[in-house]
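S.K.: Here it is: the structure, laid out below.
Bear in mind that the values in this text are calculations on the coordinates, not laboratory data. It should be emphasised that the depicted structure is a prediction, and the values quoted were computed from it without experimental measurement. All Cβ positions, glycine included, derive from the backbone under ideal geometry; neighbour counts span all protein chains shown.
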Amino acid sequence: MVVLLRSGGRPWQAYAELVEDTGSALAVLEREQATNGGQASLFGERHEPLLEAAGAEITAWEASGMRLLTVLDPDYPDNLRVVHDRPPLIFVAGALQPGDARSVAVVGARQASEQGAQRARAIAEHLVEHGYTVVSGLAAGIDTAAHTAALARAGRTVAVIGTGLGRSYPPENVALQLRVAAEGAVVSQFWPHAPPSRRSFPMRNAVMSGLTLATVVVEASQTSGSRMQARLALAHGRPVFMPRSLLSQAWARELSARPGTHVVSSPSEITAAVERLTSAGALVA
């Protein structure tokens, strides 16, 4: 898979489907290169060095505490596997557990108000108390409040980041990233040393939505990336929750009118709705 993604010319999401259909990244790579402009396969007799180099990289990644999971791996998260824009591979620091399928994303503004941070902590604590894994993006503000509240209650938390696992963004969350990896998991779809970029964070939001049963937007501005995650979650068929206080903003009122969006006044309304939706078999659990 590593060689395919570095050599292929298609979007990564396209390779997720191709590899699943054929059951082999090697078969897809050979077919892609054999039909590349009518040229002979570039892989052919050079495949052993390429595979050996990729194998050495994977060994080095694993030695530094990163696990590589592809869509062909049985441990690739089931919730993520069923969304249309799933990445063909993810890197994991720490360990994902089967119970992490029972998870809810808690996201919001980086420059959070104290009220917003308190609300995020209360939601995360409630989710942990009811057996849910708290998933967030390790950003400043709401994300940090959600992760730290889950850890403080000895609950499961998973961070989905917009850089490679070899980096930390923002830098001040290095210690939190290490703690989440030690007690839960940190997930990235990017090469281990990939830096943050304008494009990487929307892609991170898509993976965060795909991993979880629902998304809670705690606090967000007109330009917040959390709004994008809400739209992605609805496209994935996953419910979106927002506190009633957000209805003071025009974008939130517009979003609240869309099917699948729930305006709530307490954390218990979130878990009650998720339980109802998942028990009906509407989502993967």
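S.K.: Calculated FRET efficiency, ALA257 and HIS84, Cβ-Cβ r, R0 25 Å, to nearest 0.05?
M.R.: The value I calculate is 0.55.
S.K.: List every residue whose amide H lies under 5 Å from the amide H of VAL135, counting only residues 5 or more places away in sequence or on a different chain, with H placed 1.01 Å from N in the peptide plane.
M.R.: The list, which skips near neighbours in sequence, is VAL104, ALA105, VAL106, VAL158.
S.K.: Still on this structure: Looking at the chain only, what percent of DSSP beta bridges run antiparallel? Nearest 5 please.
M.R.: The antiparallel proportion sits near 30 percent.
S.K.: How many angstrom separate the Cα center of the range 70-134 from the Cα center of the range 151-216?
M.R.: 9
S.K.: Give me P(r) over the range 159-206, computed from all C-alpha to C-alpha distances, binned every 5 Å, as integer percentages.
M.R.: 5, 24, 34, 25, 10, 1
S.K.: Let me ask you something else. Please state the equivalent ellipsoid semi-axes for the range 69-198: what are the square roots of 5 times the Cα gyration tensor eigenvalues, largest first, in whole Å?
M.R.: The answer is 22, 18, 13 Å, longest axis first.
S.K.: Convert each backbone phi in the range 116-129 into a coupling constant with the Karplus relation 6.51 cos²θ - 1.76 cosθ + 1.60 (shift: θ = phi - 60°), then list the ³J(HN,Hα) values in order as whole Hz, x for Gly and Pro.
M.R.: Per-residue couplings from phi come out as x, 5, 5, 5, 4, 5, 5, 5, 4, 4, 5, 4, 4, 4 Hz.
S.K.: Taking square-rooted eigenvalues a ≥ b ≥ c of the alpha carbon gyration tensor, is the range 222-285 rounded, prolate or oblate, where a/c under 1.5 means rounded and, failing that, a/b exceeding b/c means prolate?
M.R.: Oblate.
S.K.: Over the alpha-carbon set of the chain, work out the extent along each principal axis and list the three values in angstrom, largest first.
M.R.: 63, 38, 34
S.K.: Spelling out what I want: for every residue of the range 65-81, take phi, set θ = phi - 60°, compute 6.51 cos²θ - 1.76 cosθ + 1.60 (Karplus), and round to whole Hz; glycine and proline get x.
M.R.: For the range 65-81, the Karplus-derived couplings read x, 10, 10, 9, 10, 9, 4, 8, 7, x, 8, 4, x, 4, 4, 6, 4 Hz, x marking Gly and Pro.
S.K.: For labels at GLU57 and ALA272 in the simple 7 Å Cα→Cβ model, what's the distance in nm?
M.R.: Placing both labels 7 Å beyond Cα along the Cβ direction yields 5.0 nm.
S.K.: What fraction of the Cα pairs in the range 168-285, stated in percent, has a spacing above 26 angstrom?
M.R.: Cα-Cα pairs in the range 168-285 separated by more than 26 Å: 28 percent.
S.K.: With springs only between Cα atoms under 10 Å, which of THR271, THR22, THR215 fluctuates most in a Gaussian network model of the chain?
M.R.: Sorting by GNM fluctuation, first place goes to THR22.
S.K.: Given the -39500 (n - 2.57) contribution per DSSP H run of 4+ residues, what per-residue ellipticity at 222 nm results for the chain, rounded to the nearest 500 deg cm²/dmol?
M.R.: Mean residue ellipticity at 222 nm (helix-derived): -13500 deg cm²/dmol.
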